[in-house]
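Attaching a single structure in structure tokens format; questions to follow.
The values are calculated or read from the model by the stated rules, or taken from the named source; none is laboratory data. Everything quoted here is computed from the prediction, not taken from an experiment. Please note: Cβ atoms are built from the backbone with ideal geometry, for glycine as well, and neighbour counts cover all protein chains shown. To get the accessible areas, we keep the full protein, side chains included, count just its heavy atoms, and leave off ligands, DNA and RNA. Shrake-Rupley method; radii C 1.70, N 1.55, O 1.52, S 1.80 Å.
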Amino acid sequence: MAVLKVTFTKTNRDKLAQVLWVLNWVSVVTGVTLFSLGLFLKVEIEKRRELMSKEVDSVPNMLICVGLTACTINFLGGKICYDCVDTTKFLRWKLLMLPYIICTFFFTFCILMGALMCYSMRNDLEESLFLGLRDAMRYYKDTDTPGRCYIKRTMDMLQMQFQCCGNGGYRDWFHIQWISNRFLDMTNSEVVERLRSNVEGKYLINGVPFSCCGLHSPRPCIQHQITNSSAHYNYDYHKEELNLNRRGCRQALLEHYTQIMQSIGLIVLIIWLFEVSVLTGVRYLQTAMENVLRCGDPDSESDGWLLENSIADTARYNFNIIKNLGKCYQVDDDPNIDVPSTSQQAQENVPLKQIPVAR
Amino acid sequence: MVVGKMKFTFQKRVKLAQGLWLLSWMATLGGAVTFTLGCFLKTELRRRGEVMDNTDIHCVPNTLMIVGLASMGIDYFASRICQDALDAGRFPRWKTLMKPYFGCSIFFTTLMLISVILSYAMKGSLESSLKIGLKNGIRFYKDTDTPGRCFQKQTIDRLQMEFQCCGNSDYKDWFEVQWISNRYLDFSSKEVKDRIRSNVDGRYLVDGVPFSCCNPSSPRPCIQYKITNNTAHYNYEHETEELNIFIRGCREALVNYYMGLMNTIGAVVLSVFLIQSSVLASVRLLQTSMEAVAGQENVEIETEGYLLEKGVKETIMEYVGPVLNLLWLNEVAPPAAEEGAAGTTTS
């Protein structure tokens with residue numbers, strides 16, 4: 001009892017083959033789309049590489065590989081479907097088609113995996129950003145150290161572009177020394193006092209860099225002595241919301257990347273659905289063509305199906321094949337082995353042994 | 001005296017028609033590109049419209065859009081003409097349309113050239129418009145509580161950060177303007193009172209700039225206040241410090257940006273103009289060579305094609321004459337001049 005059997009006339013088969021040929025070429029284009037989406041994501045991550053502690057490149061690499069594989073598989077599929085219109089040409093591909101379909105079936109799983117990975121990358125990214133931003137803020141002042149001299153610029157541009165401040169919020173700047181010692185007057189009593197009041201001898205202030213300043217504030221930016229309401233006229237630290245950017249840069253970057261990934265994930269899911277439908281069409285075409293060859297008359301009607309027997313039967317059959325793969329030299333079923341007889345009766349009434357049917 | 005006379009065999013006419021068809025589709029594409037570039041330029045100018053005093057510069061993108069649409073129409077008709085040209089039965093129906101068609105086409109093609117020249121010539125107008133607009137923007141920077149001016153601060157801040165510039169001509173423009181509003185000044189403080197008193201107009205002027213002038217590439221945290229005072233900051237020399245704040249003025253930055261844009265657009269439109277002119281010349285040659293074939297029994301004879309039947313001056317008078325006469329007749333002119341004008345129209 002076949003699964004989802006459909007009867008195909010000759011014209012139906014030809015039309016199916018032509019439609020599948022076109023769809024396979026469309027799939028090549030979608031494969032190129034997948035590849036370029038992976039490339040785009042890779043570039044976006046590389047742009048902010050300095051702010052991440054480790055490479056988060058599993059998803060873009062996967063998308064690039066899947067995209068390239070999709071192109072090759074669908075290119076081959078297009079060629080096969082083009083030849084399927086003619087039964088003589090189909091004979092060339094007959095043996096290859098079933099392995100091709102099985103490969104494509106597993107490949108569509110990879111596409112689905114890629115789509116799901118897009119949504120699951122978030123946690124990995126968050127941790128990487130947390131550590132990366134923490135280090136970037138720590139090295140903000142080291143503009144004279146080779147290898148770290150551009151971190152200040154990167155951090156400032158990030159805070160201005162995404163309108164964010166610090167790692168989780170602007171208070172992160174209060175816990176690190178972001179003004180280099182070369183710009184501190186060590187003879188000044190105020191500076192010396194501040195350094196002494198800190199356990200590690202760091203110059204900590206309740207101030208933030210200029211890039212944290214909010215664009216929407218009605219008053220000129222207050223960057224220093226932020227928590228001191230009396231240091232500035234008409235200023236209440238607790239009520240002031242627009243003066244600095246309130247969002248943390250980790251959250252801002254996470255939102256930015258999540259948005260990109262969600263769009264990419266959606267596109268990949270749509271491509272996956274498309275690939276599955278193409279695969280189904282190719283399977284129907286393959287079974288229909290094989291049945292035509294079995295009938296002998298190329299112009300007759302034939303049946304196409306997804307599976308010849310029910311799902312349970314097919315699963316059992318394949319499972320047995322896999323089980324018997326290791327049983328090359330088993331002798332249990334050999335009818336020619338001598339069965340030792342213990343009694344005369346047993347000898348007279350030799351039970352008829354069933355000859356196993358060759359599959 | 002004929003201008004641009006050329007002999008055309010039948011084969012040459014056929015090739016001319018085919019080449020013209022291809023060229024006219026290329027020119028249609030060029031017209032679409034011109035229209036798109038006009039739209040893009042208009043959008044870019046409108047984005048920074050708040051720091052411009054007038055919209056005179058908008059004549060460049062407007063002209064480009066009109067010319068783009070017109071050239072798409074002209075080239076569509078050119079392709080239809082060349083399709084009908086080789087068919088002796090269908091070609092005569094274009095006869096009456098040719099003169100107005102050429103008149104329109106030459107007008108719009110000249111307009112295309114004028115728009116390219118305008119895009120270079122309007123630099124002065126753009127610069128003066130920006131000068132006034134930026135001056136006002138800086139003056140109203142502090143008025144975030146005045147309706148109609150409350151977004152000036154945000155506009156100027158965004159502009160300075162995006163274009164990496166400070167002030168109108170340079171950062172010193174901020175020293176001459178009170179950019180800190182009175183509502184944030186403590187009038188009981190001695191320092192504030194001294195500063196206001198030392199100024200003739202009673203304004204609170206500081207040698208400081210807003211935070212948006214700060215340069216992210218500077219190795220040290222930004223020094224926005226007391227910029228000219230070397231002793232106020234440790235290890236700081238105002239004269240040699242180049243990276244602290246942006247040195248470039250916003251007017252110069254914006255003019256450079258827009259002139260760069262218009263130069264690129266001008267180059268593209270110039271090449272579209274050349275293609276368009278060649279389309280028009282080819283249509284004219286095809287028309288004149290086919291007109292000589294009309295009425296003949298053998299369509300495969302060799303004919304002559306030309307650009308202008310008479311000389312350039314005479315052709316211009318032929319076209320412009322009726323227009324001028326129309327203008328003269330409408331004026332209250334002395335009878336002698338009127339008779340003279342009537343005489344020329346009848347001749």
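Check each residue of the stretch A:214-230 and keep those whose accessible area, probe 1.4 Å, is at least 30 Å² smaller with all protein chains in place than in the chain alone; give them in order of residue number.
A:Leu215, A:His216, A:Pro218, A:Arg219, A:Pro220, A:Cys221, A:Gln223
Two decimals is fine: what's Rg over Rh for the protein assembly as shown, C-alpha atoms, Kirkwood radius as Rh?
Ratio of gyration radius to Kirkwood radius: 1.17.
How much accessible area per residue does the protein assembly as shown have, counting only protein heavy atoms and a probe of 1.4 Å, in square angstrom?
Values: 39050 Å² over 706 residues.
I get 55 Å² per residue for this part.
Continuing with the same structure: Can you tell me which lysines have their Cα less than 19 Å from the Cα of A:Lys141? Leave out same-chain residues fewer than eight positions away.
Cα-Cα hits under 19 Å: A:Lys152, A:Lys202.
Over the whole of A:150-158, what's the average partner chain Cβ count within 10 Å per residue? Rounded to a whole number, please.
Mean shielding count: 3.
A further question follows. For the interface of chains B and A, what total accessible area is buried with a 1.4 Å probe, rounded to the nearest 100 Å²?
Looking at B and A, the buried total is near 2500 Å².
Next question. Can you count the Lys pairs in the stretch A:9-126 with C-alpha separation below 20 Å, eight or more apart or on different chains?
Lysine pair count for the stretch A:9-126: 9.
Would you mind pulling out the separation of the Cα centroids of the stretch A:184-238 and the stretch A:1-49, in Å?
Between the Cα centres of the stretch A:184-238 and the stretch A:1-49 lies a distance of 59 Å.
Thinking of chain A as a set of Cα atoms, what percent of all their pairs are more than 36 Å apart?
53 percent
Using helices alone, I'd like the mean residue ellipticity at 222 nm for chain A: each DSSP H run of four-plus residues gives -39500 (n - 2.57), total over residue count, nearest 500. It would help to have the intermediate numbers written out before the result.
Details: 8 runs with 204 residues, N = 359.
Rounded to the nearest 500, the figure is -20000 deg cm²/dmol.
Leaving out ligands, DNA and RNA, what percent of the accessible area of the protein assembly as shown is carbon and sulfur, probe 1.4 Å?
Its accessible area is 60 percent carbon and sulfur atoms.
How high is the relative contact order of the stretch A:122-196, in percent, with contacts defined as C-alpha pairs under 8 Å that are six or more residues apart?
Normalised by residue count, the contact order of the stretch A:122-196 is 28 percent.
Something else about it: Principal axis lengths of chain B from Cα atoms, whole Å, largest first?
104, 57, 34
Treating the stretch A:183-298 as a set of equal point scatterers at the Cα positions, no solvent, please give the Debye-formula log₁₀ I(q)/I(0) at q = 0.15 Å⁻¹.
Listed by q, the Debye log ratios stand at -0.91.
Okay, next question. Which Cα, out of B:Leu126, A:Tyr82, B:Gln287, lies furthest along the positive dipole direction of the protein assembly as shown (beta carbon charges, K/R +1, D/E -1)?
About the Cα centre, the residue reaching furthest to the positive side is B:Leu126.
Calculate one ³J(HN,Hα) per residue across the stretch B:269-274 by plugging θ = phi - 60° into the Karplus curve 6.51 cos²θ - 1.76 cosθ + 1.60, and present them in order as whole Hz with x for glycine and proline.
Each residue of the stretch B:269-274 in turn: 5, 5, 5, 5, 4, 5 Hz.
Based on DSSP loop calls and a cut-off of at most 14 other Cβ atoms within 10 Å, the longest stretch of chain B free of exposed GluC sites (Glu not before Pro) is what?
B:1-236
With an 8 Å cut-off on Cα pairs and a minimum separation of 6 or more residues, tell me the relative contact order of chain B in percent.
With pairs under 8 Å counted, the relative contact order is 26 percent.
State to the nearest 20 debye the size of the charge dipole of the protein assembly as shown about its Cα centre, where the only charges are +1 on K and R beta carbons and -1 on D and E beta carbons.
Here the protein assembly as shown has a charge dipole of around 640 debye.
Another question, if that's okay. All other residues with a Cβ under 14 Å from the Cβ of B:Phe187 taken together, and with Lys, Arg as +1 and Asp, Glu as -1, what is their net charge?
+3
Same structure, new question: Lone cysteines in chain B, going by a 4.7 Å Cβ-Cβ cut-off?
Taking the Cβ cut-off of 4.7 Å, the unpaired cysteines of chain B are B:Cys39, B:Cys59, B:Cys82, B:Cys104, B:Cys150.
Along Cα→Cβ, 7 Å out, is where each label goes; now give me the distance between the ones at B:Asn256 and B:Lys190 in nm to one decimal.
Modelled inter-label distance: 4.6 nm.
A follow-up question, please. Grab the eigenvalues of the alpha-carbon gyration tensor for the stretch B:220-272, scale each by 5, take roots, and send me the semi-axes largest first in whole angstrom.
The equivalent ellipsoid of the stretch B:220-272 has semi-axes of 41, 8, 7 Å.
Right, here's the next one. Excluding B:Ala232 itself, calculate the net charge of residues whose Cβ lies under 13 Å from the Cβ of B:Ala232, where each Lys or Arg counts +1 and each Asp or Glu counts -1.
-3
Next up: Give, ordered by residue number, each residue of the stretch B:185-231 whose 1.4 Å probe accessible area is reduced by a minimum of 40 Å² on adding the remaining protein chains to the chain alone.
Relative to the lone chain, where solvent access is computed with a 1.4 Å probe, the stretch B:185-231 loses at least 40 Å² at B:Phe211, B:Pro216, B:Pro219, B:Arg220, B:Pro221.
Can I ask one more? Please state, rounded to one decimal and in Å, the Kirkwood hydrodynamic radius that the stretch B:149-305 gives when every pair of distinct Cα atoms enters the mean of 1/r.
21.0 Å
Check B:Ile245: other-chain or 5+ apart residues with amide H under 5 Å from its amide H, H built from backbone geometry?
Under 5 Å from the amide H of B:Ile245: B:Asn215.
Residue by residue, what Karplus-based ³J(HN,Hα) values in Hz, rounded to whole numbers, does the stretch B:169-180 have, using 6.51, -1.76 and 1.60 with θ = phi - 60° and x for Gly and Pro?
8, 6, 5, 5, 4, 6, 6, 9, 10, 7, 9, 9
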